[in-house]
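Worksheet: the structure to be examined is printed underneath.
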Amino acid sequence: MTEENNYEKTKSRAEKEFLRYPQEEMIETCGLRADADFLYITFLNRPYRIDRKTGHVERLLSEGKRDANFNEAMTIFDILCGIKKNRYCANVWAGMEQFSKTPFSGDNLFVSYAKAFDGKTEALKAACAKYGGIPADLSGDVAYELPLFPFLPVVFRFWNGDEDLPPTLRFLWDACALDYLRFETMFYAMSHILAVLSDEIKA
């Protein structure tokens, strides 16, 4: 079985699992727009909809729609199904190592993206701004607070390489992020953000 088929099978199972959860609670807790057929959610400043009868997730485009990919769908399912009614953002930023139950270093994460972004500071800033990002008052050649969801921001930081250090990127999450999604899902979300930014600077 190919890796792509495994991803599709996992996404299909997640669609069915989504239908077990109370959708009215999702609407209320996440402030979703909804009608008889769909729930609507904004993810990285882009509109999506979830079929209320099948769990199928689509991104809405100006020219129509397309199926959500694995990272998009799995992040949306986790943010909606992991409902905690009293969840809130602490407005304190934390690195990934603070959420891990085991020793964790993010230095080697997403190396290929860091290399691709090297020397493209202005294009990367423009891409962050396009997807709703606002400059963050933090160190880095690029530092933007991005609206992962309207109720859960994330910070993306990037440093160009030099003769001593390779290019590096890091993410910061709200200290209460695990009230919104699982640690594993953070990687789906970060992968999605990086893919979107990468596509944008290539355009």
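Some observations on this one:
- Residue selected from region 60-91 under the condition among the basic types (Lys, Arg) and closer than 18 Å to residue 30 by Cα, by the criterion surrounded by the most Cβ atoms within 10 Å (Cβ to Cβ): 87
- Among the residues making up region 1-44, those that are within 15 Å of residue 58 (Cα to Cα) and among the polar types (S, T, N, Q) are 12, 42.
- If you check 169, 138 for being buried (at least 20 other Cβ atoms within 10 Å of the Cβ) and either at pLDDT 95 or above or in contact with a strand residue (DSSP E or B) (Cβ under 7 Å, 6 or more places away or on another chain) (or both), only one passes: 169.
- Every pair of residues 6+ apart whose Cβ atoms lie under 8 Å, when the first sits in region 10-29 and is of a type in the set (Phe, Trp, Tyr) while the second is at pLDDT below 95: 18/81; 21/81; 21/83
- Top-ranked residue of region 62-77 - restricted to ones that are farther than 18 Å from residue 23 by Cβ and out of contact with any Lys or Arg (no Cβ under 9 Å at 6 or more places or on another chain), ranked as modelled with the highest pLDDT: 71
Residues are listed down the side, and each one gets a yes or a no for (1) touching a residue at least 24 places away in the same chain (Cβ under 8 Å); (2) touching an Asp or Glu at 6+ places or on another chain (Cβ under 6 Å); (3) farther than 19 Å from residue 99 by Cα; (4) not in a helix (DSSP H, G or I):
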site	(1), (2), (3), (4)
119	yes, no, yes, yes
162	no, no, yes, yes
166	yes, no, yes, yes
188	yes, no, no, no
200	yes, no, yes, no
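The values are calculated or read from the model by the stated rules, or taken from the named source; none is laboratory data. Computed from a prediction, not measured in an experiment: that's the story for all the values here. Neighbour counts are summed over all protein chains in view; Cβ atoms, including those assigned to glycine, are modelled from backbone coordinates with ideal geometry.
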